[in-house]
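Below is one structure; the comments refer to it alone.
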Amino acid sequence: MTSRERFRKVVHGEPVDRLPYFFGGPRVSTFQAWRKQGLSEEQRKNWGKFIGADRFIGIGKLNTGPVPPFEERILEERGNVRLWMDGWGVKRLDAINQPTTGFATRQYLEFPVKTLADFERIKERFNPKSPERTRPITGENERPTLNPDGYRVIQGTQCWRDRVELCNHSDLPVGLAIPSLYWTARDWCGFEGLSMMFVQDPKLVHEMMEYWTWFLIELLDELLTHIQVERIVLQEDMAYKTAAMISPAHMREFMLPRYERLYRFFKDKHVTCVEMDTDGHNGQIIPVFYPRAIDGISPMEIAANNDPERYLSQYPGLFIMGGIDKRELRFSRAQVRAEVVKRFRTALRHGTYIPTVDHGVPPDIPLGNFLYMVELIKGLGARKSFDTYEPPCELETHLAPIQELFDPLKAINQARHDT
């Protein structure tokens, strides 16, 4: 069974030879910490191959940001703090030297859209037919940016037209992620601004979300006509730890009708799985959107009062990726094992769940524990005994000796005093 076939079957709850091997994404600071825990540079460069991970194949460059971007400008620097304007026209404060690269801290101060007139102006930078959205531009990857971690900086790769044969004949599932309705309106207005706008200027919110629905369909229509895509992830990040950032009533009024249109569009293009990516608590979101407008949801953060077992029991057929509590990976191997076994029992009981770490893998997870989890996932995914299987820990034999474990307080203090 190919990776592509396997992913499609899991989404549909059909039998597979084994569950896909997805583990979670370490960030830059995590790899920096792991280099001091015995990971070689060669192993880091070939990380997926080293741990034996399955993967998705991409469709090439897809720029959903402002074209042209706003000019980045430094307004003020003091100590380790920078006040500046970013490429989306947002005034913000950032730490110049981040304590944990890949988990950047930032504070947004002012956003470009406050009125309908502002939105009409910014729409000029959001033409879905701008050729730069899918065609690489010479030298674009070498342009300097002030944005920590390259966040919201588009990297040019291949044009999708040059990847049609590769994608359609690959044994790997094809996936792409796109910012969706709430995410994009928040990028234009800011969290506080958008929250107030739902009440004070609902017509403008409708206007923005209607425009973005049209934008995505126009941007993706030809692409999805030529390339078979298994997984489209609609990025939202619209929840806190215990509740959503907007009410279910507002979701139904402003988002659901447009999500239904997007869902029909994607299904007409034979997309296997339409998935919402939202951090935080999913309990108010799933009943609004599933099954009318999404097939699945991720990353299912356990710290945000989510429970894959509860959701899969309540919403049969819901597809989930994530749900392995990253906090449990910091401690003993017994705790790691208990957490992973718990999630795999749920996955094999319900059939539409791929357990992975529930969001980015932070640097306070020891490398040895992560590699133990990798081998445990492979064994349980291939239906080894939940009660007796213990990984051989073969990956750890390829590591150099540990020099230093990650100390979060040391990293923070270093950033504070690094001027």
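The values are calculated or read from the model by the stated rules, or taken from the named source; none is laboratory data. Small disclaimer: the values here were computed from a predicted structure and weren't measured. Note that each Cβ is placed from the backbone with ideal geometry, even for glycine, and that neighbours are counted across all protein chains shown. The accessibility values were calculated without ligands, DNA or RNA, using every heavy atom of the protein model including side chains. Shrake-Rupley method; radii C 1.70, N 1.55, O 1.52, S 1.80 Å.
Say whether the condition of being part of a helix (DSSP H, G or I), without any contact (Cβ under 8 Å) to a residue 60 or more places away in the chain and in contact with a strand residue (DSSP E or B) (Cβ under 9 Å, 6 or more places away or on another chain) is met by at least one residue in the stretch 219-235.
yes
Can you name every residue in the stretch 192-242 that is of a type in the set (Phe, Trp, Tyr) and more than 21 Å from LYS123 (Cβ to Cβ)? Break it down into steps so the answer makes sense when it comes.
Filtering the stretch 192-242 down to residues of a type in the set (Phe, Trp, Tyr) leaves 198, 211-212, 214-215, 240.
Passing the criteria: only TYR240.
Within the stretch 370-389, which residues are in contact (Cβ under 8 Å) with a residue 40 or more places away in the chain, more than 20 Å from GLU42 (Cα to Cα) and either assigned to a helix (DSSP H, G or I) or open to solvent by 60 Å² or more (accessible area, probe 1.4 Å) (or both)? Step through it out loud before you land on a result.
Within the stretch 370-389, the first condition is being in contact (Cβ under 8 Å) with a residue 40 or more places away in the chain, and the residues that meet it are 370-371, 373-374, 376-378, 380-383, 386.
Then drop every residue that is not more than 20 Å from GLU42 (Cα to Cα), which leaves 373, 376-378, 380-383, 386.
Once the filter is applied, which keeps residues that are in contact (Cβ under 8 Å) with a residue 40 or more places away in the chain, more than 20 Å from GLU42 (Cα to Cα) and either assigned to a helix (DSSP H, G or I) or open to solvent by 60 Å² or more (accessible area, probe 1.4 Å) (or both), the stretch 370-389 yields MET373, LEU376, ILE377, LYS378, LEU380, GLY381, ARG383.
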Apart from one, (1) assigned to a helix (DSSP H, G or I); (2) open to solvent by 70 Å² or more (accessible area, probe 1.4 Å); (3) touching an Asp or Glu at 6+ places or on another chain (Cβ under 7 Å) all hold for GLU339; the odd one out is (2)
The stretch 63-96, residues that are farther than 16 Å from PRO144 by Cβ, more than 26 Å from the chain's Cα centre (by Cα) and touching a residue at least 60 places away in the same chain (Cβ under 8 Å): GLY79, ASN80
Hey, can you tell me all the residues within the stretch 397-410 that are touching a residue at least 40 places away in the same chain (Cβ under 8 Å) and charged (D, E, K, R)? GLU404
Scanning the stretch 187-200 for residues that are surrounded by 15 or more Cβ atoms within 10 Å (Cβ to Cβ) and without any contact (Cβ under 8 Å) to a residue 40 or more places away in the chain, which turns out farthest from the chain's Cα centre (by Cα)? MET197
Only one of these conditions is not met by LEU172: (1) under 25 Å from PHE289 (Cβ atoms); (2) part of a loop (DSSP other than H, G, I, E, B); (3) open to solvent by less than 40 Å² (accessible area, probe 1.4 Å). Which number is it? (1)
Can you work out which of the residues in the stretch 103-146 that are polar (S, T, N, Q) and farther than 17 Å from ASP187 by Cα is surrounded by the most Cβ atoms within 10 Å (Cβ to Cβ)? THR134
Test ARG18 against the criterion of being without any contact (Cβ under 8 Å) to a residue 24 or more places away in the chain and either in contact with a helix residue (DSSP H, G or I) (Cβ under 6 Å, 6 or more places away or on another chain) or farther than 26 Å from TYR151 by Cα (or both), and give yes or no. no
Lone qualifier among THR356, THR346 - being touching a residue at least 40 places away in the same chain (Cβ under 8 Å), surrounded by 16 or more Cβ atoms within 10 Å (Cβ to Cβ) and not in a loop (DSSP other than H, G, I, E, B): THR356
Being more than 30 Å from CYS167 (Cβ to Cβ) and among the β-branched types (Val, Ile, Thr) is the filter; apply it to the stretch 214-263 and report the residue that is surrounded by the fewest Cβ atoms within 10 Å (Cβ to Cβ). THR242
Mind checking which residues of the stretch 21-50 are part of a helix (DSSP H, G or I), in contact (Cβ under 8 Å) with a residue 40 or more places away in the chain and surrounded by 18 or more Cβ atoms within 10 Å (Cβ to Cβ)? SER29, THR30, GLN32, ALA33, TRP34, GLN43
Might you let me know whether the stretch 269-281 holds any residue that is crowded, with 16+ Cβ neighbours inside 10 Å, assigned to a loop (DSSP other than H, G, I, E, B) and touching a Cys at 6+ places or on another chain (Cβ under 8 Å)? no
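Would you confirm whether any residue within the stretch 3-14 is under 24 Å from TRP183 (Cα atoms), open to solvent by less than 70 Å² (accessible area, probe 1.4 Å) and in a loop (DSSP other than H, G, I, E, B)? Working first, answer last.
Within the stretch 3-14, the first condition is being under 24 Å from TRP183 (Cα atoms), and the residues that meet it are none.
No, the conditions are met nowhere in the stretch 3-14.
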So GLU394 ticks every box in (1) open to solvent by 60 Å² or more (accessible area, probe 1.4 Å); (2) closer than 30 Å to THR105 by Cβ but one. Which box is left unticked? (2)
Scan of the stretch 144-169 for residues that are in contact (Cβ under 8 Å) with a residue 40 or more places away in the chain and not in a loop (DSSP other than H, G, I, E, B), ordered by number: PRO148, ASP149, TRP160, ARG161, ASP162, ARG163, VAL164, LEU166, CYS167, ASN168
Return a yes/no flag: does the stretch 316-334 have any residue that is in contact (Cβ under 8 Å) with a residue 12 or more places away in the chain, crowded, with 19+ Cβ neighbours inside 10 Å and over 27 Å from MET245 (Cβ atoms). yes
